[in-house]
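Here's the structure we're looking at; comments come further down.
The values are calculated or read from the model by the stated rules, or taken from the named source; none is laboratory data. Note that the coordinates shown come from a computational prediction; the quantities given were computed from them, not determined experimentally. Positions of Cβ are generated from backbone atoms using ideal geometry, with glycine treated the same way; all protein chains shown enter the neighbour counts.
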Amino acid sequence: MAIAAASSVSPLSSSSCRGIVASSSRSLSVKASNKLISRRSYLQAGSVLLPFLLSKSPLEAREVEVGSFLAPSSSDPSFVVFQATPQDTPALRAGNVQPYQFILPPSWKQLRVANILSGNYCQPKCAEPWVEVKFEDEKQGKVQVVASPLVRLTNKPNATIEEIGTPEKIISSLGAFVTGNTFDSEELLSTSVEKKGDLTYYIYELETPYALTGAHNLAKATVKGNTLVLFVVSATEKQWPSSQKTLRAILDSFHL
C-alpha cells in the first residue's frame, strides 16, 4: 500500500525542474539587477553631489552676512567683531599665528580661501606667506589677513618688527601681498607707527592703480612670535569715495 501510494504521486519531470530553476534564477537575477541599478544610481548621485559639497565651505554654502553670526561691537553696535580662534585657520591651530580680531559691517561676507593659499599644506613650517582669512562686501571693499614667517624677513628668531626694519623695508618685502601682484615704492602714500600694548604696528596707505586688490589699499603689520601678520583693506575707485571712512575704521580696529 505504501508503495502504491508513493507510486501514485507523479514525480517532477526533468523539464519541469529546469523550468523552476530557470524561473528562480530569473527572479534572483531581477532582484540582483535592481539592487545593482539602485546601488549604481546611489553612487552616481554621490559622485555628482560630493565634489559640490566638498567645494563649499560652510559659510560659502550658506552665503550669509557676518551680522547673522558675529556679535556686535561693544564700542560701535553698527559693526560686528570677528575674533579668530584656533578653529578658524591651519596656522592658528598650529600655533604659528596668535589670535587676532577686527570689526566689520554686518553686511560683509566671509570668502573661502583656496587650500593652496591657506598654508594648510605647509603648516607648521611654512617658508612663504599665506592667507589667513578673507572678507568682502561688493559695495565697500575687501579685507584679508596675510601671515609671513619671520625666516622670510630675518635670520633672528622672535625678532620685533623694529628689529626687522623700517616701515619702508617691511612694505618693500611684502607689498606684493598687499596688491595681489606687484609693488612700486612710488605707490606708497604714507606710513606711520602705532603702539598697542606690547606690540608695534606699522600702518600704510597706498594708491595702487594696477593692483589686483584695488586702486586703494590700507595695511597694518605687526610681529608676534615667529610670524609677521599683515592686515590689508582694499577698495576699487568706485568703492573708495563712499567707503573709505568705514575701511579706515576696520583697519584701526585690527590687533593681536
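Overview of results
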| item | result |
| --- | --- |
| Flag if LYS156 is farther than 21 Å from ARG248 by Cα and either assigned to a loop (DSSP other than H, G, I, E, B) or among the aromatic types (Phe, Trp, Tyr) (or both) | yes |
| Filter result (surrounded by 13 or more Cβ atoms within 10 Å (Cβ to Cβ) and touching a residue at least 40 places away in the same chain (Cβ under 8 Å)) within region 168-196 | ILE170, ILE171, LEU174, PHE177, VAL178 |
| Long-range neighbours under 7 Å by Cβ, at least six apart or interchain, first residue in the same structural domain as PRO72 (by TED's automatic domain parsing) and of a type in the set (Lys, Arg) within region 102-113, second at pLDDT below 95 and buried (at least 24 other Cβ atoms within 10 Å of the Cβ) | none |
| Residue satisfying condition, being of a type in the set (Val, Ile, Thr), in contact (Cβ under 8 Å) with a residue 40 or more places away in the chain and touching a Lys or Arg at 6+ places or on another chain (Cβ under 7 Å), within set THR213, THR200, THR222, THR227 | THR213 |
| Residue match in region 60-67 (condition: crowded, with 20+ Cβ neighbours inside 10 Å and under 22 Å from PHE177 (Cα atoms)) | no |
| Per-region count, region 245-254, residues more than 18 Å from THR191 (Cβ to Cβ) and touching a residue at least 12 places away in the same chain (Cβ under 8 Å) | 4 |
| Lone qualifier among VAL151, VAL113, VAL97 - being of a type outside the set (Ser, Thr, Tyr) and not in a loop (DSSP other than H, G, I, E, B) | VAL151 |
